[in-house]
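Derivation of every value follows stated rules applied to the coordinates shown; laboratory data play no part. Small disclaimer: the values here were computed from a predicted structure and weren't measured. Quick reminder, even Gly has a Cβ in these numbers, built from the backbone with ideal geometry, and neighbours come from all protein chains shown.
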Amino acid sequence: MQVAYTVKLNSGCISRQVGAVVTDGDNSIKSVGWNDVANGQIPCSMRSLDGLMNDFDEKTYSHYERNNSSFRIKANEKLLNFRAIDKTGDIYRGRNLSYCFKDIYNDLDKEKKGNQVHTRALHAEENAFLQLAKYGGIGVLGGKLYTTASPCELCAKKAYQLGISEIVFIDPYPGIAQDHIINIGSKPPKLIQFRGAIGKSYHRLYEQIIPIKDELEYLLE
């Protein structure tokens with residue numbers, strides 16, 4: 001789980017960073033993933049409202065973002081709101097005014113509120129699963145999925161189809177994945193909330209202040 005917790009820092013998502021690790025049944029790591037855009041695209045943390053409204057970089061901003069008038073009006077409103085509270089430019093100096101495409105797009109239609117389909121990023125679990133196919137990994141039937149957030153409905157279906165036996169998570173994710181996807185059928189994976197040291201606590205617990213051998217020898221002196 002510490003690996004999943006660490007790789008999430010690679011994520012360029014401005015909403016939430018999630019990490020995932022896929023192992024075989026013996027906990028041997030087979031792939032890792034984090035929530036981010038597809039390889040070759042620019043992550044949201046490195047894009048900005050200023051760039052969207054003033055640049056027409058085809059590699060950074062999609063055709064939709066550059067040409068859809070309704071989307072651009074909403075994005076510009078957001079940019080103007082930032083500028084309205086920082087007329088001198090002091091507050092946001094040095095800050096990148098990033099934006100979430102999904103939030104702006106869904107705001108165009110209130111019925112889409114909360115829709116995850118239009119997010120730019122792959123989910124961490126999805127990304128980890130795809131790495132197995134991309135780089136010719138071995139099968140993970142009976143393996144385990146470690147993720148810093150429990151899987152959504154879409155990722156839960158993928159884990160089920162891959163034959164994952166256990167899904168270990170830190171933070172519960174809202175939704176009906178457990179009740180609707182995971183806890184049904186003849187081969188449901190176990191959903192287990194992680195208990196243990198993670199992050200800085202992991203290092204504080206396991207990093208030696210001095211080598212144990214030296215500590216023991218010191219006691220003998």
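Structure notes:
- Note on the chain: GNM, Cα springs under 10 Å; of 187, 87, 157, the largest mean-square fluctuation is that of 87.
- Of the complete DSSP H runs in the chain, those spanning 20 angstrom or more by Cα along the long axis with a mean Kyte-Doolittle score not below -1.0 are 69-84.
- D_trans [Stokes-Einstein, Kirkwood Rh over alpha-carbon pairs] for the stretch 1-116, 37 °C, 0.692 mPa s, µm² s⁻¹: 201
- Residue 168 long-range amide H proximity, modeled H, under 5 Å: 145, 146, 147, 192
- In sequence order, calculated HN-Hα J values of the stretch 54-65 (Karplus, 6.51, -1.76, 1.60; Hz; x Gly/Pro): 10, 10, 10, 6, 5, 7, 9, 10, 5, 4, 4, 5
- Here the relative contact order of the chain, from alpha carbon pairs under 8 Å that lie six or more residues apart, stands at 23 percent.
- Projecting label points 7 angstrom from Cα along Cα→Cβ for residue 212 and residue 193 puts them 3.2 nm apart.
- Computed on the stretch 44-112, with alpha-carbon pairs under 8 angstrom and 6+ residues apart, the relative contact order is 48 percent.
- Value of Rg to Rh for the stretch 1-55 (Rh from inverse mean 1/r over Cα pairs, i.e. Kirkwood): 1.15
- Using θ = phi - 60° and Karplus 6.51 cos²θ - 1.76 cosθ + 1.60, couplings along the stretch 189-203 (whole Hz; Gly, Pro as x): x, 6, 10, 10, 7, 5, 10, x, 7, 8, x, 4, 4, 4, 5
- Just checking the listed ones, 177, 159, 20: in the Gaussian network model of the chain with Cα springs under 10 Å, the one fluctuating most is 177.
- Label-reachable residues, the stretch 64-106, where backbone N falls under 19 Å from a point 7 Å from residue 56's Cα toward its Cβ: 64-76
- Global form of the stretch 44-112, assessed from the alpha-carbon gyration tensor, a/c cut-off 1.5: oblate
- Translational diffusion of the stretch 152-221, µm² s⁻¹ [Kirkwood Rh, Cα pairs; Stokes-Einstein; 25 °C; 0.890 mPa s]: 161
- The alpha carbon radius of gyration of the chain, expressed as a multiple of 2.2 N^0.38 Å, is 1.27.
- Alpha-carbon centroid distance for the pair the stretch 16-39 / the stretch 117-137, whole angstrom: 9
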